[in-house]
Amino acid sequence: MDKKQEYKKALYAAFPHSIPVLTGFLVLGAAYGVLMQKGGYGTLWSVMMSALAFCGSMQFVAITLLTTVFDPIQAFLLSIMVNARHLFYGLAMLEKYKGMGKARAFLIYTLCDETFSIVSSITPPENVDKKHFYLSLSLLNYAYWVLGTFIGSVLGRFITFSTKGLDFVLTALFLVLFLEQMKKRENRISGIIGLVSAGLGLLLFGAENMVIPSMIFILIILLVGRKKLCC
Amino acid sequence: MLLTPLQTFVMILAIALGSGLTRFTPFFLFPQKKDPPKLITYIGRSLPPAMMGLLVVFCLKGVSVTSAPHGIPELIAILVITAVHLWKGNVLLSIGSGTVVYMVLVQGVFS
């Protein structure tokens, strides 16, 4: 089988897994495009932001930054804080993204909540090359976000049907993939650690600042409980 | 538009650099040529379920229990998703049904 056909096969295998992301990213990407338009930034800028930074929640935060004083250092630091959870995704993907050749840099560059969730919860089909499968999935998710931004920026004014609640598709995706992971007995303690840590982070630090404290709680519990949780 | 095009471009680069840094740092710290310390492997393997739990809570962080509709649409949707998933075990079906139920609730019932 030639390379082109192999990629095609991987793309077909990856696409069904990406459908919830397609839905969510088109809606949220479009919402982002519309908000940027309202902030005075046209299609070129919003698409450039989505393509280069590719970091959903931080991009929404950045709309405010783009309409106040020019302060790139603050933007850089805030971006690190809002995106800090990627540090843990990277640690979790060290093994899976091994030996990916040239594709590796792109896989890392586009590693987002959704791609991380899918890659860590499902096993690629046996007849499809792992590298091609991961690359297809990352590429699809990345394209959805950029495309959604473009659509929102260009057509935002013409969207008249109510998409209210449609963004819940991403919450549903995370919940279902969480349930998928809970099927494996050895994952359960870790899953509960995540829920409890995030609950604590939310209660103690509030909705806006919960992520980094929650990550620290997870890390502490994993380290303290290492002997009991692991071999 | 308050910033000049050049300023805007610099801002985009600053944000991209920040997010890129969080993504690439683990892979720089533990290059694939040699095996990472056992502790890192253990953490890396334990993190996916924990981070999925965190993401679920993170998505629901804005839900207010004290003001209407008291998180009821979210609760019902979560129960539907869990039930459908335990029943059929089909990822897309669970996500789709939960999302439709949620949309109907926030647009029709609790609007």
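The values are calculated or read from the model by the stated rules, or taken from the named source; none is laboratory data. Please read all numbers here as calculations on a predicted model, not as lab measurements. Note: ideal-geometry Cβ built from the backbone for every residue, glycine included; neighbour counts use all protein chains shown.
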Kindly indicate whether any position in segment A:36-43 is part of a helix (DSSP H, G or I) and within 15 Å of residue B:12 (Cβ to Cβ). yes
Could you tell me how many of the residues in segment A:215-231 are facing another protein chain (nearest Cβ under 7 Å) and outside any helix (DSSP H, G or I)? 1
Segment A:7-54 - residue that is within 13 Å of chain B (Cβ to nearest Cβ) and out of contact with any helix residue (DSSP H, G or I) (no Cβ under 8 Å at 6 or more places or on another chain) and, of those, nearest to residue A:68 (Cα to Cα): A:40
Considering residues of segment A:81-110 that are in a loop (DSSP other than H, G, I, E, B) and either in contact (Cβ under 8 Å) with a residue 40 or more places away in the chain or within 12 Å of the chain's Cα centre (by Cα) (or both) only, the residue nearest to the other protein chains (Cβ to nearest Cβ): A:83
When segment A:44-60 is checked residue by residue, the ones that are small (Gly, Ala, Ser), part of a helix (DSSP H, G or I), over 14 Å from residue A:155 (Cα atoms) and at pLDDT 95 or above are A:50, A:51
Being within 7 Å of another protein chain (Cβ to nearest Cβ) and farther than 14 Å from residue B:9 by Cβ is the filter; apply it to segment A:55-65 and report the residue that is surrounded by the fewest Cβ atoms within 10 Å (Cβ to Cβ). A:58
Only one of A:76, A:15, A:70 that is over 25 Å from residue B:49 (Cβ atoms) and outside any helix (DSSP H, G or I): A:70
Identify all residues within segment B:3-23 that are among the β-branched types (Val, Ile, Thr) and modelled with pLDDT of 95 or more; write none if there are none. B:8, B:10, B:12, B:15, B:22
